[in-house]
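J.: To start, I am sharing the structure in question, which I have written as structure tokens.
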Amino acid sequence: MAMTHDYLDYLNQRVGIAPANSQEELQAAQTIASLMGQHDLEPQVEEFDAPAISGLVPAVLSLVMLVGIVIAGVGVMALSVIGFLLALVPTLLAVMRLFGREPSLSFGPSARSQNVVAVHRACGPLVAKGNRPIVVVAHYDTPRESFLYSSPIAPYLPLVTKAAGPCSYVVAVCALLQLMAFIPSAARVVLWVVGIVAALPSVLLAVGAIYERVSACTLGANDNKSSVAAMLGVLENVRPSGLVPTPRETEEPRDEKDLG
């Protein structure tokens with residue numbers, strides 16, 4: 001635990017807020033790769049590109065579903081048809097996802113990010129036969145704040161996430177039933193309200209996802225420094241480097257060589 005604290009202090013001093021697709025994130029990767037290299041591992045910074053707004057597409061479709069069920073129940077046949085089609089799109093995607101055929105919704109500009117991957121080759125005179133290489137991956141970018149996780153509904157978010165998919169089927173069925181004029185008006189109004197309520201789980205998650213895109217970056221344990229420090233503490237126990245990280249250049253090193 002002592003070494004984990006040392007590494008956490010070191011990372012807090014040397015690595016600031018590092019959102020994805022930023023120079024700070026690249027610098028954090030290089031710092032972590034350097035620390036891994038002190039433990040006789042083979043670190044690599046592997047860069048990759050990902051669409052910058054891909055995560056917003058499901059959120060926008062959830063909002064479209066709400067608009068669809070709302071206009072499906074206004075009582076005008078043309079609007080009911082349009083509303084049904086809008087409400088049907090997220091349901092079709094949910095069905096395709098269920099059968100493992102979800103289409104790619106990625107588009108827009110690409111964002112550059114990195115992973116730090118270190119390999120221990122399990123070689124040397126003390127290695128037993130059959131030992132395999134060990135791969136260590138560090139996740140270190142700083143996420144953004146989400147009001148959902150600090151609200152009273154935070155404990156129920158896993159349930160809301162599970163309910164969002166089945167509820168989208170209910171929304172589509174309720175929108176479809178608005179097209180059937182033989183159903184009594186009072187029953188269609190009830191189904192309309194049921195459809196709107198069923199759309200709320202997906203809408204709640206969508207609003208949270210959109211807000212998260214424009215919110216401030218998190219601080220503390222949420223920025224992944226604590227988990228990276230714990231991983232480095234384990235490496236120190238398994239593959240001792242004989243080095244002690246000190247976060248400030250002016251701090252006197254202890255018995256071992258200073259990493260800072």
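J.: Scan the range 140-158 and give yes if some residue there is of a type in the set (Phe, Trp, Tyr), at pLDDT below 85 and open to solvent by 80 Å² or more (accessible area, probe 1.4 Å), otherwise no.
T.: Yes; the residues of the range 140-158 include at least one that is of a type in the set (Phe, Trp, Tyr), at pLDDT below 85 and open to solvent by 80 Å² or more (accessible area, probe 1.4 Å).
J.: Is at least one residue of the range 60-75 among the hydroxyl-bearing types (Ser, Thr, Tyr) and under 18 Å from Leu176 (Cβ atoms)?
T.: no
J.: What's the total number of residues in the range 114-128 that are modelled with pLDDT of 80 or more and open to solvent by less than 50 Å² (accessible area, probe 1.4 Å)?
T.: Residues flagged as modelled with pLDDT of 80 or more and open to solvent by less than 50 Å² (accessible area, probe 1.4 Å) within the range 114-128 amount to 5.
J.: Quick check: anything in the range 219-226 outside any helix (DSSP H, G or I), out of contact with any Phe, Trp or Tyr (no Cβ under 6 Å at 6 or more places or on another chain) and over 17 Å from Leu85 (Cα atoms)? Can you show your working first?
T.: Of the residues in the range 219-226, the ones outside any helix (DSSP H, G or I) are 219, 224.
In the following step, the residues that additionally are out of contact with any Phe, Trp or Tyr (no Cβ under 6 Å at 6 or more places or on another chain) were identified as 219.
Imposing the further condition that a residue be over 17 Å from Leu85 (Cα atoms) reduces the set to 219.
Checked against the condition, which is being outside any helix (DSSP H, G or I), out of contact with any Phe, Trp or Tyr (no Cβ under 6 Å at 6 or more places or on another chain) and over 17 Å from Leu85 (Cα atoms), the range 219-226 yields at least one hit.
J.: Could you grab me the full set of residues in the range 16-48 that are open to solvent by 20 Å² or more (accessible area, probe 1.4 Å) and farther than 20 Å from Val119 by Cβ?
T.: Selection gives Gly16, Ile17, Pro19, Ala20, Asn21, Ser22, Gln23, Glu24, Leu26, Gln27.
J.: While we're here: Which one of Val189, Val170, Val203, Val194 is part of a helix (DSSP H, G or I), touching a residue at least 24 places away in the same chain (Cβ under 8 Å), closer than 25 Å to Phe99 by Cα and open to solvent by 30 Å² or more (accessible area, probe 1.4 Å)?
T.: Unique residue meeting the criteria: Val170.
The values are calculated or read from the model by the stated rules, or taken from the named source; none is laboratory data. Note that the structure is predicted; figures quoted are calculated from it, not measured. All Cβ positions, even for glycine, are placed from backbone atoms using ideal geometry, and neighbour counts span all protein chains on display. Please note that ligands, DNA and RNA were not included when accessible areas were found on the heavy atoms of the full protein model with its side chains. Shrake-Rupley method; radii C 1.70, N 1.55, O 1.52, S 1.80 Å.
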